[in-house]
Amino acid sequence: MDIKRTDFENSLWYSLSIQSVLAEIKTDPAVGLSSNVVEDRRLEFGVNQLTPKKGIPTWLRFLLQFQQPLIYILLAATVVTFLLKEWVDAFVIFGVVIVNAVIGFIQESKALKALDALSRSMTSYATVIRNGKEEKVSSIYLVPGDVVIVSSGDKVPADIRLFQSRDLSVNESALTGESVPVEKRIEELDGKTALADRNNMIYASTFVTYGQARGVVVATGDTTEVGKISELISTAEDLQTPLTIKIAHLSHKLLYAILALSAVTFIIGVLRGNSFIDMFMAVVALAVG
């Protein structure tokens, strides 16, 4: 019976000896996996790529840029000036609203593109041993248990437990933020070792800067460390920090203050003999300002 997905849940591969890892993952470091086993595991674990996350439709993301109290005032002013046939004022105010929405939409789109780039960063080619022979395959076809050979200049195609290393150094800045290449070794580590200190592991989307090594794939796709990061980013809630809460409160206070000042200005102007239309336009200008 071959391995199952549940066999890999919460497995601390870095804390196990090489012999234990190979026995648990059922692979031969010299021969690798057979073609039949590879197909079975691909059906069990899926392809080695991040699952695309379903996002908000583009049109809805753009409309959400208008969901702000102060924008409501500008939109109301646009409608009023349009009804009064003050075309220049109406188009200027509406232009301000559109420019604000476009800037917010562009900033949000850049953040989404960063997530998409993270997904694509896992795709590369890998040198594996299968059926006792070395071959080069697309990284998306790797499965847990594949024996992978990495050398200087390679992008690490999956999360791999090393069992053989010769002066291997890996740039893990994309994962841990550490700018200095990390030297790797093969001995097991303590079960509480932090991610950045797991020197017997190499992780998907990092780069080999020096040396050569062999290891066995222990995680692919969404179960890799970079996959977990992608999942956390895509499911992160819009957290309200103390600063954003204060800004929201300020926006509402400004909204009330603008409406109050506009009303007072309108009443005083009318009482002093100015026409309703002239005072209304003055109030709109005050609100927009």
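A few points about this structure:
- Low-density loop cleavage sites - trypsin sites (Lys or Arg not before Pro) in region 48-99, where at most 10 other Cβ are within 10 Å (DSSP): Lys54, Lys85
- Helical content of the chain, expressed as a calculated mean residue ellipticity at 222 nm, amounts to -15000 deg cm²/dmol (DSSP H runs of 4 or more residues, -39,500 (n - 2.57) each, divided by residue number, nearest 500).
- Lys/Arg +1, Asp/Glu -1 at C-beta; region 54-201 dipole; positive extreme among Val96, Gly191, Leu175: Val96
- GNM flexibility winner over the chain from Glu44, Glu172, Glu86 (Cα, springs under 10 Å): Glu86
- Dipole in debye (nearest 20) - the chain, about Cα centre, beta carbon charges: Lys, Arg +1; Asp, Glu -1: 700
- Relative to the Cα centre, the charge distribution of region 83-206, modelled as +1 at Lys and Arg Cβ and -1 at Asp and Glu Cβ, gives a dipole magnitude of about 300 debye.
- Amide hydrogen neighbours beyond the local backbone of Leu33, cut-off 5 Å, H modeled: Asn131, Val147
- Highest GNM mean-square fluctuation among Leu83, Leu43, Leu195, for the chain modelled with Cα contacts below 10 Å: Leu83.
- Using a Förster distance of 41 Å, the FRET efficiency for Val79-Tyr125 (Cβ separation, nearest 0.05): 0.10
- Scalar couplings 3J(HN,Hα) for region 214-225, obtained by applying the Karplus form with A = 6.51, B = -1.76, C = 1.60 to θ = phi - 60°, are 10, x, 10, 5, 10, 7, 9, x, 5, 8, 6, 5 Hz; x denotes Gly and Pro.
- Extension gain, Arg5 back to Phe105 (0.36 nm per residue minus Cα-Cα distance, nm): 32.0 nm
- Overall dimensions of region 63-186 by Cα: Rg and Dmax, Å: 26.8, 82
- Carbon and sulfur %, accessible surface of the chain computed with the full protein complex present, 1.4 Å: 61
- Using θ = phi - 60° in the Karplus curve 6.51 cos²θ - 1.76 cosθ + 1.60, the 3J(HN,Hα) couplings for region 62-67 round to 5, 5, 5, 5, 8, 8 Hz; x is entered for Gly and Pro.
- Comparing Asp159, Asp28, Asp89 in a Gaussian network model of the chain (Cα springs below 10 Å), the most mobile by mean-square fluctuation is Asp89.
- Per residue, in Å², the accessible surface of the chain once ligands and nucleic acids are set aside, probe 1.4 Å: 59
- Interatomic Cα distance distribution for the chain, bins of 5 angstrom, percent: 1, 5, 10, 12, 12, 10, 7, 6, 5, 5, 5, 5, 5, 4, 4, 2, 1, 1, 0, 0
- Each residue of region 132-289 gets 187 Å³ once the volume of the Cα convex hull is shared out per residue.
- Of the cross-linked pairs Lys113/Lys246; Lys4/Lys133; Lys110/Lys253; Lys110/Lys155; Lys4/Lys26; Lys155/Lys228, those separated by over 22 Å at the C-alpha level are Lys113/Lys246; Lys4/Lys133; Lys110/Lys253; Lys110/Lys155.
- Amide H within-cut-off set for Val156, under 5 Å, with H built and near neighbours excluded: Ser205, Thr206, Phe207, Val208
The values are calculated or read from the model by the stated rules, or taken from the named source; none is laboratory data. Note that the coordinates shown come from a computational prediction; the quantities given were computed from them, not determined experimentally. Cβ coordinates were reconstructed from backbone atoms using ideal geometry, including for glycine residues, and neighbour counts include every protein chain displayed. Keep in mind that these areas ignore ligands, DNA and RNA; they rest on the heavy atoms of the full protein, side chains included. Shrake-Rupley method; radii C 1.70, N 1.55, O 1.52, S 1.80 Å.
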